[in-house]
Each structure stands twice: as structure tokens, then as C-alpha cells.
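The values are calculated or read from the model by the stated rules, or taken from the named source; none is laboratory data. The model shown is predicted, which means the values in this text are computed figures rather than measured ones. FYI the Cβ positions are ideal-geometry reconstructions off the backbone, even for glycines, and counts take in every protein chain you see.
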Amino acid sequence: MFKEKALNQKFGLSKYFEVLLGLVTITAVNIIFWRSDPGFINVSPHPFWLVVLLVAVRYGFVGGAFAGGVSGLIFFGFKLISIPELDLADFKSLAMWGKPVLFFLVGVIIGEMRQLQIKEYEELSETCDTYKDAFEKIKVKFDVLSEAKQEVDTRILSQESTLGTLYEAAQGLRSLSIDSIYPAVLEILRDFMDVEECSIYLLEGDEFRMDTAIRHGKGYLPDVVPFGEGLMSLAASSKRSVSIRDVADTDSMPGGIIISAPILADNQRHVVGVVNVEKMPFLKFTSDSVRVAGLVADWCGSSVENATVFAATKHKLIADESIDAYTYEYFKRRLKEEFVRARRYELDLSLIMLEFPGLSNASDEGRDEVLMAFSMILKSQIREIDILFISDKPGSFYLILPTTPSSGARVVVNNILNSFKALSVMAFETDQNLVELRAGVAGYFPGMEDPMEMVKAVQEDVISVLFAE
């Protein structure tokens, strides 16, 4: 209906024009082809009914009344012409007025009926439009909420990923050697503070010596900086994190240092070095960045101190130096620590058991061959944060894999088995019974209460693989 109205307005049409056009067309046909019966007076049903009925049905009350009225007047005019000698009795007769009045009444009645339908349709259309508008508003709100939910989900996933990455970085600092701690610290600054250039200087006597640096471009850093000059000396002497905001003269700062944080050891009583930030995004350089740099430096100092103590007591924990395997007692303590951490932060944790049944009865030469090959394989297949332990059962080993699901642990096992098979032909010429290797995998899952549940599960999962031809 609305399209029809728009079409009528476009071409300048209206119900009045259609009525006149229809009646003129019928009259023209009458004059051309039926001159003997002007106005179709003697035709029944009269052709004017086409115009009256169609217009009334199409346009309603106004159109029907107009079509009926005009049709009645035209018919009345032709009726007057058809009577040669018109007297008063003819003028008052029903034959003179009956059909014109009928045209009008039928047009009004049918038009009114159609008008009621049009009104009802318009009311329903308005209701439909109201619901449509309400639906559009709800849809907009739904789209906004969907986008917000997606953003929140993305943030949650990003935070979970960041937590896992940060934990791995922490494990790296915790288990690496002293020489590897400093690069790991700089990687943390780059990954979590978007630092582009940073460095670590160690304090040796009365001077700072550069140990490690990350450079984005070709910026120059001096190898040695005398103590008492620049931001590093201020950080070391005050034992707190400082930035260029704390000093007025920046000319004496090597490499354009903007943040310097001291690395403290021996319960934060002695300065062993400084962590420097030379370049980072301007918007990231805030007071929080200075605090984070200080936190990372404290973390670095604790890691260095722990690594130093660890290096001094390592022989007390190592059960087999040929493969760097730790004692079973340390395994139980370390597994409990990792288990509690995985449960608290909802992290992945896996345990691998590797067993050589023939190792306990092997000769010294055969045992050394197996352990040498085993050590070579492990160094190429596991990460720095993965730790190997000797089991309480002879010839058996445990391997703890933090932040690793059981599916990933099985991939590690397959890699170890494949590598062991590749070396078996060359490494075990003396005793073919040593090529048998058993492996099992167990992973932490929510609901576990005791870390020994993982030990029991990995023992039940052990299968035997024999590489001998």
C-alpha cells in the first residue's frame, strides 16, 4: 500500500484522476462504438460499476464516495439527454434517480468497509513499526554487549596467556645459571614493559661493567662506566629505582639511560649491579614503569642470590652429575611446590616417568653409555625449566614439565623415544638389553588434592618400548 502511494505521488496520480480517467474512457468507448445508446442507459450491469467498485476497494471511503457521486451525475446527465420531452413526473421517477443514488450508496458503503480495513492495516503497520524499532534498539544493545563480551573474553585469554608466559619467565630466572639470568631479565622487560633497548651493568670495585644488553638499533653503550657518574651511580648509592626525572643533568648518562634500578643481593644489603632502560615508548614511561623496573631488578637480585646459593649447594642435591639428575627427596619437595602453584593459578603441569629396566644390572661401561646417550637426548629435547630427578626405583627417572599439558608431555616423550631409537644402534654395542625404555605421562587436572596422585598416575601409564632388532 505504501509503495502504491509512493508510485501515485511519483507520477502525479490520485484517486480523483483515476475516477475521471475511467469514466472518460468508458464514455469515449460508448460514443465511438455504441452511439445508439448514449451513456449505456440500457446496459445492465452498467459499466460505471467497474470504476465505482475498483476505486472504492482501492482507496476506501473518500474514493468510493467520489467515484459513486461522479458516476451518478454522469449517468443522470445521459439520462436527461435520452428523454426528448422531459416533464416533472419523469424527473421525479425512480428510473431517473434510482441508479445514480445506487452508484453513490454502493461507493460509500464499499468504500467505508474498505476504509475500516485500511485503518486496521495502518494500526497493525504502526504496531509492527513500533516492534521493529524496539527490535532494532535491542539489537543494537545486543551487538554492543556481544562486542563487550568478546573484548572481555579476549582480555581474559590475554591475561591467562600473560600469566603463563610470566610464570615461565619466573621459572627461567629460578632455574637458570647466573650467566643466563641477566638475559632472561632483559627479555622480561622487553615482553612486559615494551622496552626497546635495555642493559645490565655489574658493579666491580669502583666501576660498572656492561654484562648484557638488548639493542633495537645501533646505539652505543660504553663497556665501563666509573662509579659516581650518571643515573646508575644514583640508583646504586640510593638503592632504589630512579629515572631522568630525578636528575637535572642528562649529559653524563651513558646511552641515554631513562630508568636505572639497582640489583641487590645478600638480603638487599649489597649492590651487585644495575638494570637500565635506555629506550621505551613515551606513553609507557610512567611512575608505574619505574616501579616495575625496580621490581624486576629486585627479582633479578633474588634470582642471582638463589643461583649463587644453588651453585654452592648443588652437589648436595645432584644424585647423578653425568645427567644432572636431582635426588628423589628433592623431587618430592619440588613436585609439591609445582603442584600447589599449578592448582592455585590454574596452570598446566605434567610428569614424565622414564625407566631403563636393564640399567640396574648393567655393567659400568654399559651404564655409562646409556646415561651419556640419555643426557644428550634430554639436552636437545627439554627446556631449561624442565627438571630431571632420579626415582626411588633403580634405573628410573622422573621429569617435571611446568606449564605443559599432558598432550605436550606426550610429544616430548615421543621425541625422546625417537631420538633414543636413533642413537641405540651406535650407543649400545655392548648390551642390547639396555635398549629397552619404558615411558609414562601424567598431567595435573582440577580436583587433584595430593601431588603423589600424579606419581601414581604416571606409574600406571608406563609402557615398554624395545628398540632392539
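Among the residues of the range 14-44, what is the count of those that are small (Gly, Ala, Ser) and more than 15 Å from LEU73 (Cα to Cα)?
Matching residues across the range 14-44 total 4.
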LEU116 vs. criteria modelled with pLDDT of 85 or more, surrounded by 10 or more Cβ atoms within 10 Å (Cβ to Cβ) and not basic (Lys, Arg):
yes
Does any residue of the range 212-220 turn out to be under 30 Å from ILE385 (Cα atoms) and at pLDDT below 80?
yes
What are the pairs, 6+ residues apart or on separate chains, where a residue within the range 176-188 that is modelled with pLDDT of 80 or more has its Cβ under 7 Å from a residue that is part of a loop (DSSP other than H, G, I, E, B) and of a type outside the set (Val, Ile, Thr)?
ALA184/LEU176
Can you go through PHE33, PHE40 and tell me which one is at pLDDT 80 or above and not aliphatic (A, V, I, L, M)?
PHE33
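Per-residue answers, yes or no, for (1) surrounded by fewer than 16 Cβ atoms within 10 Å (Cβ to Cβ); (2) modelled with pLDDT of 75 or more:
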site	(1), (2)
SER350	no, yes
MET353	no, yes
SER363	yes, no
GLU369	no, no
ASP392	yes, yes
VAL441	no, yes
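Residue by residue, here is whether (1) more than 21 Å from PHE374 (Cβ to Cβ); (2) among the β-branched types (Val, Ile, Thr); (3) modelled with pLDDT under 90; (4) assigned to a loop (DSSP other than H, G, I, E, B) holds:
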| position | (1), (2), (3), (4) |
| --- | --- |
| ASN414 | no, no, yes, no |
| LEU417 | no, no, yes, no |
| PHE420 | no, no, yes, no |
| SER424 | no, no, yes, no |
| GLU460 | yes, no, yes, no |
| ALA468 | no, no, yes, yes |
Please identify the pairs in which a residue from the range 65-82 that is surrounded by 14 or more Cβ atoms within 10 Å (Cβ to Cβ) has its Cβ atom under 8 Å from the Cβ atom of a residue that is not polar (S, T, N, Q) and not in a helix (DSSP H, G or I), counting only partners at least 6 apart or on another chain.
PHE75/ILE41; PHE75/HIS46; PHE78/ILE41; LYS79/ILE41
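Condition first: under 34 Å from the mean Cα position of the chain (by Cα), in the same structural domain as TYR444 (by TED's automatic domain parsing), of a type in the set (A, V, I, L, M, F, W, C) and modelled with pLDDT of 85 or more. Can you find one or more residues in the range 320-336 that meet it?
Yes, because at least one residue in the range 320-336 is under 34 Å from the mean Cα position of the chain (by Cα), in the same structural domain as TYR444 (by TED's automatic domain parsing), of a type in the set (A, V, I, L, M, F, W, C) and modelled with pLDDT of 85 or more.
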Selection from the range 50-64 of residues part of a helix (DSSP H, G or I) and touching a residue at least 40 places away in the same chain (Cβ under 8 Å) yields VAL52, LEU53, VAL55, ALA56, VAL57, ARG58, TYR59, PHE61, VAL62, GLY63, GLY64
Can you name the number of the only condition in (1) surrounded by fewer than 23 Cβ atoms within 10 Å (Cβ to Cβ); (2) hydroxyl-bearing (Ser, Thr, Tyr); (3) over 17 Å from PRO100 (Cα atoms) that SER44 fails?
(3)
